[in-house]
């Protein structure tokens, strides 16, 4: 018989009641560590396990939520710059605001959009034959991706709006304002933002607004070359919709014969012609057209259509990517998103069309002022040596 002194005694189990006997400072430290390491969801789950933990959480709620939001959706400083931006203050000026419930809601709104791009980025960064390099992003890369999204979103909010028409893009005063925002970012941070914009461009050009050439290639693969040669593409590319058309599409987005998937836009039947889905000719086929102002217009070029679409913010591009499946739906959403609604009538957004994005031009001007080689900048980014995520061999 084993004497009682030699018997193995199991360590006492830690129960919730014994956990609540810990000092308040210790419980607060546990909540802070959870917020820093695991984010908002884990923090709220832990704070909901007992009455005492919830009371400690309420005492330190502002600091805990700020830390948890930075871990989940950060970099939080850039979200605050975005959430507090208004036309009365220049976007490059740093703004310090006290925490509030309204600010936290805005942070979550912007953060959820950026988080959804984390899953899209690897597929668009390494498409097709480059998929051999495709991988998941690390936590550090995800954080840098979110930061770049917030920064390009701030630029879109500040300089891609009706106050900046095509006639102001070359004004020295406007160019100086744009430079003031970009000068606050390092060259490596500019590279990350440019990398994100290229992802947006690829999403728009391939999935949202395919060119006539891409539509023809898809139809040829599905039905054969003979059928693809008989496609009729609209000479106007992305047409300007009238308010009556917008009202109809807004209430009948998914009518009976509407394709329900993005690949269905290439189907040919009695109700749908795939030639209607093209957004313009590829840039190498675009011919300049003489206008009444004795200037040349490339309005039929797919390249310039995408340049217009890049003025949309990340949330709008994400909506187009996930929720629109036809050219009509894309045009209706863009029209209503960029127009001013007056008594139910949408005013044509002249500032948006034929007025490409200015971010790329501003980046090159900023790099030129720093004496950075544009050719090396583009080469390193194109070969995956720089950007949010680099290629494994680099």
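The values are calculated or read from the model by the stated rules, or taken from the named source; none is laboratory data. Not measured: the values here are computed from a predicted model. A quick note on method: Cβ atoms are made from the backbone with ideal geometry, for glycine too, and the neighbour counts reach across all protein chains shown.
Observations
- Residue, nearest to residue 107 (Cα to Cα), within region 20-29, restricted to residues that are surrounded by fewer than 15 Cβ atoms within 10 Å (Cβ to Cβ) and touching a residue at least 12 places away in the same chain (Cβ under 8 Å): 24
- Residue match in region 80-101 (condition: farther than 24 Å from residue 159 by Cβ and either at pLDDT 95 or above or in a helix (DSSP H, G or I) (or both)): yes
- Residue in region 340-354 that is modelled with the lowest pLDDT, counting only those that are surrounded by fewer than 20 Cβ atoms within 10 Å (Cβ to Cβ) and in a loop (DSSP other than H, G, I, E, B): 344
- Every residue from region 117-137 that is without any contact (Cβ under 8 Å) to a residue 40 or more places away in the chain, more than 21 Å from residue 150 (Cα to Cα) and outside any loop (DSSP other than H, G, I, E, B): 128, 129, 130, 131, 132
- When residue 176 is tested against (1) more than 19 Å from residue 203 (Cβ to Cβ); (2) in contact (Cβ under 8 Å) with a residue 40 or more places away in the chain; (3) part of a helix (DSSP H, G or I); (4) more than 13 Å from the chain's Cα centre (by Cα), only condition (2) is not met.
- Matching residues in region 30-53 - criterion: being surrounded by 13 or more Cβ atoms within 10 Å (Cβ to Cβ) and over 35 Å from the mean Cα position of the chain (by Cα): 50, 52, 53
- Residues in region 179-207 that are under 20 Å from the mean Cα position of the chain (by Cα) and either under 19 Å from residue 89 (Cα atoms) or in a loop (DSSP other than H, G, I, E, B) (or both): 181, 182, 185.
- Residue check, residue 64 surrounded by 15 or more Cβ atoms within 10 Å (Cβ to Cβ) and either at pLDDT 90 or above or in contact with a strand residue (DSSP E or B) (Cβ under 9 Å, 6 or more places away or on another chain) (or both): yes
- Residue in region 10-19 that is loosely packed, with under 12 Cβ neighbours inside 10 Å and modelled with pLDDT of 90 or more present: no
- Residues that are in contact with a helix residue (DSSP H, G or I) (Cβ under 7 Å, 6 or more places away or on another chain) and modelled with pLDDT under 95, drawn from region 128-149: 134, 135, 136, 137
- Filter result for the condition that a residue is exposed (fewer than 14 other Cβ atoms within 10 Å of the Cβ), in contact with a strand residue (DSSP E or B) (Cβ under 6 Å, 6 or more places away or on another chain) and either more than 26 Å from residue 150 (Cα to Cα) or modelled with pLDDT under 75 (or both), over 293, 289: 289
- Test for residue 77: is it over 22 Å from residue 311 (Cα atoms) and surrounded by 12 or more Cβ atoms within 10 Å (Cβ to Cβ): yes
- Some residue of region 79-91 being in contact (Cβ under 8 Å) with a residue 12 or more places away in the chain and more than 30 Å from residue 176 (Cβ to Cβ): no
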